[in-house]
2 protein chains.
Amino acid sequence: MSDPANPWTIKSTRIAYENPWMRVREDSVITPSGKDGIYGYIEANNSVMVIAFNEKREVYVVRTFRYPVKTWNWEVPGGGGDNQHPIEAGKRELEEETGITAKTWDELGATSVCNGFTNETMTTLLARDLDFGGNKEDDVDEQVTDGKFCSLAEIDAMITSGDINDGQTMTALYLLNRWLARQER
Amino acid sequence: MSDPANPWTIKSTRIAYENPWMRVREDSVITPSGKDGIYGYIEANNSVMVIAFNEKREVYVVRTFRYPVKTWNWEVPGGGGDNQHPIEAGKRELEEETGITAKTWDELGATSVCNGFTNETMTTLLARDLDFGGNKEDDVDEQVTDGKFCSLAEIDAMITSGDINDGQTMTALYLLNRWLARQER
């Protein structure tokens, strides 16, 4: 096929696995090259990542344990969107994970998290005019054990050391850098 | 628990779904806050993304259809690692998708693709000293219908327009920008 809207034909579809956070959809398909086959992928709620950016041009990062990779690492706050508007989801995630509230919110971009495996879209948010007056949730399973503001140079060093290795955080930082470049024009 | 190596207790584990490209592992767990629960996530091979960078400081991008999101979009070449060494996987993916071979290869970093949902690690590779003498595979289901070199300003504009919305491509571009900043010091 030359270039149709969708070069795959879906013959049937089923939910092959489901838990409260994700669903595996498996489609029986005819592939673009004309063969019978399957395509299985994850259906998940959209998510947000929040760049909490203070007047010293520092970014707030949190230390958290990530079950699938079984390691602690530093990343920007974020999580599942629960089908809220991205900014509402960002306000909730930021306050729950850090106790930070913010007066000024901007959307920096919406990106596919992993477009071969999931339909999840992640919105990167910029939060400014920050205040620590919110309620951090301490008794949660997604443990955030530490949090701190870091300069962009410190974040660069944490990537070099491996303390930050989260691709979604790097996508968010990439969109922050684009935004900063526009401010400086 | 204060800060052990892994604050989750795994009571049992099972493969809840499997296809040739991924596996859903579901663990019965005791959560960090002491509750019985489950954690399901995707086990997948590691992957690579390739920044093919020419002497004019342009990046090669390909247009491809992504089944889970059901859209065509532009991204840097890459794909599943098939458990090869990242540079070997990068050479194969780049040649298959673009026909490009490269004399000089560097690893720019290894990142978690989506550390709440999968254990997949993506390695970003920088390929230089490029040549179009390789064999592009045309009869494949991951259709690459077009490819071109773009300046970093053109890529920025494609993100603004939505032609590039792939987070893994942005992670790779973030690591390219870090590498470029080091060259200019």
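Read-outs throughout are calculated quantities, based only on the coordinates presented, and are distinct from any laboratory measurement. Being a predicted model, the structure only gives us computed values, none of them experimental. Backbone-built Cβ (ideal geometry, glycine too); neighbour counts: all protein chains shown.
Would you check which residues across region A:65-87 are within 14 Å of the chain's Cα centre (by Cα) and either assigned to a strand (DSSP E or B) or among the β-branched types (V, I, T) (or both) and list them?
Within region A:65-87, A:R66, A:W74, A:E75, A:V76, A:G78, A:G79, A:G80, A:I87 meet the criteria.
Any residue at all in region B:65-76 that's farther than 20 Å from A:T171 by Cβ, buried (at least 16 other Cβ atoms within 10 Å of the Cβ), free of Cβ contacts under 8 Å to residues at least 24 places away in the same chain and β-branched (V, I, T)?
No, region B:65-76 contains no residue that is farther than 20 Å from A:T171 by Cβ, buried (at least 16 other Cβ atoms within 10 Å of the Cβ), free of Cβ contacts under 8 Å to residues at least 24 places away in the same chain and β-branched (V, I, T).
Out of region A:42-64, which residues are closer than 23 Å to B:P4 by Cα and either assigned to a loop (DSSP other than H, G, I, E, B) or not β-branched (V, I, T) (or both)?
A:R63
For the subset of region A:6-18 comprising residues that are of a type in the set (S, T, Y) and either within 21 Å of B:A44 (Cα to Cα) or loosely packed, with under 13 Cβ neighbours inside 10 Å (or both), which member is nearest to the other protein chains (Cβ to nearest Cβ)?
A:Y17
Restricting to region B:23-73, name every residue that is small (G, A, S) and within 30 Å of B:D129 (Cβ to Cβ).
Residues satisfying the conditions are B:S47, B:A52.
Restricting attention to region B:39-58, which residues are within 10 Å of chain A (Cβ to nearest Cβ) and either over 19 Å from B:G109 (Cα atoms) or basic (K, R) (or both)?
Here is the first cut: in region B:39-58, the residues within 10 Å of chain A (Cβ to nearest Cβ) are B:39-44, B:47, B:49.
Passing the criteria: B:Y39, B:G40, B:Y41, B:I42, B:E43.
For the list (1) away from chain A (no Cβ under 11 Å); (2) in contact with a Phe, Trp or Tyr (Cβ under 9 Å, 6 or more places away or on another chain), I need the number of the one condition that B:D131 fails.
(2)
Out of the residues in region A:19-29 meeting the condition of being facing chain B (nearest Cβ under 9 Å) and part of a strand (DSSP E or B), tell me which one is surrounded by the most Cβ atoms within 10 Å (Cβ to Cβ).
A:V24
Please find, among A:E75, A:E107, A:E142, the residue that is over 30 Å from B:E43 (Cβ atoms), within 14 Å of chain B (Cβ to nearest Cβ) and of a type outside the set (G, A, S).
A:E107
For residues that are touching a strand residue (DSSP E or B) at 6+ places or on another chain (Cβ under 6 Å) and on the phi > 0 side of the Ramachandran plot, tally how many sit in region B:125-182.
1
Under the condition of being closer than 14 Å to A:L175 by Cβ and among the polar types (S, T, N, Q), which residue from region B:128-167 is surrounded by the most Cβ atoms within 10 Å (Cβ to Cβ)?
This residue is B:N165.
Residues of region A:157-179 being over 11 Å from A:V76 (Cβ atoms), in contact with a Leu (Cβ under 9 Å, 6 or more places away or on another chain) and without any contact (Cβ under 8 Å) to a residue 40 or more places away in the chain, which ones?
A:I159, A:Y174, A:N177, listed by residue number.
Would you mind stating whether A:D36 is among the acidic types (D, E), more than 17 Å from the chain's Cα centre (by Cα) and facing chain B (nearest Cβ under 9 Å)?
Values: among the acidic types (D, E): yes; more than 17 Å from the chain's Cα centre (by Cα): yes; facing chain B (nearest Cβ under 9 Å): no.
Answer is no for this residue.
Restrict the check to region B:135-142 and report whether at least one residue is in contact with a Ser or Thr (Cβ under 8 Å, 6 or more places away or on another chain) and without any contact (Cβ under 8 Å) to a residue 24 or more places away in the chain. Reasoning before the result, please.
As a first pass, look at region B:135-142 and keep what is in contact with a Ser or Thr (Cβ under 8 Å, 6 or more places away or on another chain): B:136, B:139-142.
Pick out the ones that are also without any contact (Cβ under 8 Å) to a residue 24 or more places away in the chain and you get B:139, B:141.
Yes, that holds for at least one residue.
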